[in-house]
Amino acid sequence: MIRSAALVKLTLLGAAFIGTSVLSVSAFADDQETIDYREHIMKTMGEQVAAMNQMRQGKIAPDNLAVHAEILAVTAATAKNAFTPKVVGGEAKADVWANWQDFSKRLDELVAATTDLAKTAKQGGLTAASPKLQGALPCKGCHETYREEKK
């Protein structure tokens with residue numbers, strides 16, 4: 001089980017690296033592809049938070065908590081590159097790029113928070129990580145400011 005978790009982690013880290021490298025060639029991608037990629041990144045983060053919250057609420061066993069936290073941290077680290085092309089659309093408001101300094105700072109804070117969460121989950125499990133899942137992730141404030149409501 002530990003070996004498979006390590007394999008999953010290495011595979012996801014490799015995929016994140018490749019994804020970040022491919023984004024460097026974003027000049028060749030059309031706008032919709034750029035928007036789709038960015039939305040995949042954000043959806044991945046949301047799915048990891050949802051899975052960890054199921055564990056925190058006791059709905060599923062927390063056996064893979066550290067893996068989900070690591071995936072979240074790696075994905076958060078790719079988010080800034082996903083928003084770097086100034087392609088307005090999807091659920092991102094134009095304010096993302098009009099206020100890039102603030103948005104970028106918020107992403108950096110997200111990376112720091114998710115990295116800390118991953119470390120805590122790995123070392124202390126659900127008991128140690130639970131408080132960080134209940135409000136330490138700065139998702140809501142950014143979404144309220146920079147995300148369009150779904151129609």
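With a Förster radius of 30 Å applied to the beta-carbon distance between GLU148 and ALA112, the computed FRET efficiency rounds to 0.70.
Near GLN32: Cβ cut-off under 11 Å, other residues only, Lys/Arg at +1 and Asp/Glu at -1. The net charge is -4.
Partners of LYS132 within straight-line reach, counting lysines whose Cα lies under 23 Å from its Cα and excluding those fewer than 8 residues away in the same chain: LYS9, LYS43, LYS59, LYS80, LYS105, LYS119, LYS122, LYS140. Excluding ALA79 itself, what net charge comes from residues whose Cβ is under 12 Å from its Cβ, given Lys and Arg +1 and Asp and Glu -1? Taking every Cβ under 12 Å from that of ALA79, the sum is +1.
Each of ASP30 and THR127 was given a label point 7 Å from its Cα along the Cα-to-Cβ line. The distance between the two points is 5.5 nm. Computed over the alpha-carbon atoms, the range 70-141 gives an Rg to Rh ratio of 1.05, Rh here being the Kirkwood radius from the mean inverse distance.
Bear in mind that the values in this text are calculations on the coordinates, not laboratory data. Not measured: the values here are computed from a predicted model. Heads up, the Cβs are rebuilt from the backbone with ideal geometry, glycines too, and the neighbour counts pull from every protein chain shown.
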